[in-house]
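These notes are about the structure you will find just below.
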Amino acid sequence: MSPVSLPRLSRRALPGGFPGLTAGRPAPPPAGIVHLGLGNFHRAHQAVYTDAALTAEPGPWGIIGVASRSAAVVEALRAQELLYTVVQIAPEGYDFRVPDVHSDAFVAADEPDRLLDALAAPATRIVTLTITERGYTYAPSTGALDIENDDVRSDLTGLTPPRTVIGQLSRGLQRRARSDGAPVTVLSCDNLAENGRHTERLVRQFAGALPTAEADELTAYLDSAVRFPSSMVDRIVPATTDVYRATIAEHLGYADAVPVPAEPFSMWVLEDDFAAGRPAWEAGGAIFSDEVTAYEELKLRLLNGTHSLLAYLGALAGAATIPEAVGADFIEQAARRVLRQEYLPSLSVPRDVDVEAYEAQLFTRWRNTGLGHRTSQVGSDGSTKLRQRIPEPARQLLATGSMPHHLALTVAAYLTCMAPLDGFDPGPHARAMQDPLRPELAALAATSGDGIDLARHAIADRHLLGGELASAEAFIARTGEFVDILHRSGPRAAAGEAAGDA
């Protein structure tokens with residue numbers, strides 16, 4: 001049956017008793033959380049944990065979802081009583097859940113003052129963020145707030161509504177400090193090392209760049225009433241397509257304009273440091289731990305770092321999806337080598353983690369053919385992601401006299417996807433990847449005679465991977481050699497070269 005001819009998702013339309021389906025509550029829960037970044041990941045992760053928490057222990061933890069600029073999801077949610085379907089996908093079939101946790105939704109760009117009011121409201125006890133690495137407007141080479149960014153500079157003047165998330169958050173906290181000054185927790189749920197410390201540092205740098213009286217006022221409030229715990233989040237959440245809308249229409253008998261596909265696996269590890277209480281997220285399986293940093297590094301390197309290699313080599317080999325990439329024997333072998341030989345030695349593994357079981361679980365997740373996670377999606381924004389994943393493990397191996405061949409191959413495959421040399425066609429999946437540095441890298445490629453030139457321009461001159469590897473001449477040269485092999489002989493030959501030298 002066509003979704004167009006079906007009733008729209010609402011509390012009344014929910015089929016009672018459907019296995020795995022959360023029953024709609026009579027009304028949305030009272031708002032206690034403001035969430036910045038109303039994308040698929042938030043709706044398949046934090047919102048699901050909050051739904052489980054409210055089912056186990058009702059409380060004032062409804063979520064006000066704030067989209068940055070796009071109104072599409074907001075309008076669809078409003079038309080559906082703020083409900084949507086999480087489609088959990090495994091090779092053997094589907095499972096469905098309808099979280100009922102959003103109390104409101106709006107677009108920050110359209111209602112900037114409403115956002116500041118929501119951040120300052122005494123009822124708001126937690127502010128959460130899923131804004132991707134790029135959303136933090138920091139200078140990758142230093143990790144500091146990018147004061148030269150035009151939007152940051154505008155936010156610091158206070159003459160117009162804030163445009164950046166750090167500006168919005170800082171101005172909202174400033175407004176909060178000037179009202180009742182109630183305590184609040186700011187919780188990043190993005191893939192950044194020590195994301196809580198990172199967010200706090202950027203907010204404090206924004207505060208420090210304000211006029212003295214404002215800086216002192218906001219800094220004093222941050223010192224006394226605001227907490228920035230770190231967290232590690234993990235769930236593969238592909239983009240929404242009409243396939244999932246049709247699946248819901250067929251299985252559940254209603255139309256949902258904004259369903260969210262997700263894998264069965266989900267993990268959330270948090271520091272238990274909240275200024276004004278929190279939901280019972282442990283009811284949904286969240287882990288509260290004093291080893292969040294170790295979990296972050298485990299995920300950022302073993303999962304995310306290896307995922308990048310799968311995406312770039314896969315795209316160059318013609319693989320549209322991650323399962324297709326893992327299905328190529330030479331790509332799976334390269335992924336296992338980078339994970340075991342180059343990422344794992346750089347980690348302090350958390351006490352409760354069995355590394356062999358974790359690796360096996362990763363490859364099971366990557367082989368989930370029902371999910372069909374696209375290499376173009378995983379490979380997008382590599383200029384930000386690789387800086388989080390490559391430098392430290394590469395630096396550690398180089399310090400011991402070892403060459404991290406597969407880390408160099410990862411960077412080379414990224415450069416080949418983004419900035420091919422001499423008219424080389426990296427294929428449709430590489431061309432579909434989005435990256436803010438693509439035009440700049442393409443310009444560098446146009447002035448490069450070979451792969452080593454390109455690697456030197458990108459890593460040494462442009463600081464693609466930050467300052468740590470900018471002077472690592474042997475690593476830069478090895479990356480450039482892999483660029484040339486990828487152009488000349490393809491990804492299988494490049495992976496073979498890495499394996500032979502490892």
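Here each label is just a point 7 Å from Cα along the line to Cβ, and for Arg8 and Asp273 those points are 4.4 nm apart.
Using the 2.2 N^0.38 Å rule of thumb for compact globular proteins, work out how the stretch 3-288 stacks up: its C-alpha Rg over that value, please.
Details: Rg = 19.0 Å, N = 286, 2.2 N^0.38 = 18.9 Å.
Here the Cα radius of gyration is 1.01 times the empirical estimate.
Among Val74, Ala27, Leu362, whose Cα lies farthest out toward the positive end of the dipole of the chain, if unit charges sit on the beta carbon of Lys, Arg (+1) and Asp, Glu (-1)? Farthest along the dipole direction, towards plus: Ala27.
Of all stretches in the chain that contain no GluC sites (Glu not before Pro) in a DSSP loop with at most 14 other Cβ atoms within 10 Å, the longest one is 149-502.
Report the relative contact order of the chain, percent, no decimals, based on alpha-carbon pairs under 8 angstrom and at least 6 residues apart. Intermediate results must be reported in sequence, preceding the final value.
Values: 978 pairs, mean separation 72.4, N = 502.
Value for the chain: 14 percent.
Each of Leu347, Pro162, Gly423 was scored by the projection of its Cα onto the charge dipole of the chain, and the greatest displacement toward the positive side belongs to Pro162; charges sit on the C-beta of Lys, Arg, Asp and Glu. Each of Ile476, Leu145, Ala315 was placed along the dipole of the chain (beta-carbon charges, centred on the mean Cα), and the one lying farthest toward the positive end is Ala315. The stretch 406-472 and the stretch 305-357 have their alpha-carbon centroids 21 Å apart. Summarising the label geometry, the points placed 7 Å from Cα in the beta-carbon direction at Ser141 and Asp354 lie 4.7 nm from one another. Taking a ≥ b ≥ c as the square roots of the eigenvalues of the Cα gyration tensor, the stretch 292-501 is oblate, since a/c reaches 1.5 or more and a/b is not larger than b/c.
For a test of the definition: using alpha carbon positions, the gyration tensor, and the 1.5 limit on a/c, classify the stretch 85-142 as rounded, prolate or oblate. The partial results should precede the final answer.
Details: a/c = 2.74, a/b = 1.39, b/c = 1.98.
The shape class here is oblate.
Scanning residues 5 or more positions from Thr321 or on other chains, those with amide H under 5 Å from its amide H are Thr375, with H placed 1.01 Å from N in the peptide plane. For Leu187, nonlocal amide neighbours, meaning residues 5 or more places apart or on other chains whose placed amide H falls under 5 Å from its own, are Val127, Thr128, Leu129. If you sort the three axes of the alpha carbon gyration tensor as a ≥ b ≥ c, you get a/c of 1.5 or more for the stretch 133-220 and a/b no higher than b/c, which makes it oblate. Evaluated with a Cβ-only charge set (Lys, Arg +1; Asp, Glu -1), the stretch 292-501 carries a dipole of roughly 380 debye about its Cα centre, given to the nearest 20.
Compute the distance from the alpha-carbon center of the stretch 132-167 to that of the stretch 227-250, in whole Å. Cα centres, the stretch 132-167 to the stretch 227-250: 27 Å.
For the chain, give me the percentage of DSSP beta bridges that are antiparallel, rounded to the nearest 5 percent. Walk me through the intermediate numbers first.
Numbers: 11 of 37 bridges.
That works out to approximately 30 percent antiparallel.
Normalised by the number of residues in the stretch 3-288, the average gap of Cα pairs under 8 Å and 6 or more apart makes the relative contact order 25 percent.
As a ratio to 2.2 N^0.38 Å, the alpha-carbon radius of gyration for the chain is 0.98.
Every number in this text was worked out from the coordinates using simple rules, so none of it is lab data. No experiment lies behind these values; they were computed from the predicted model shown. Glycine gets a Cβ as well: all are built from the backbone with ideal geometry, and neighbour counts include every protein chain shown.
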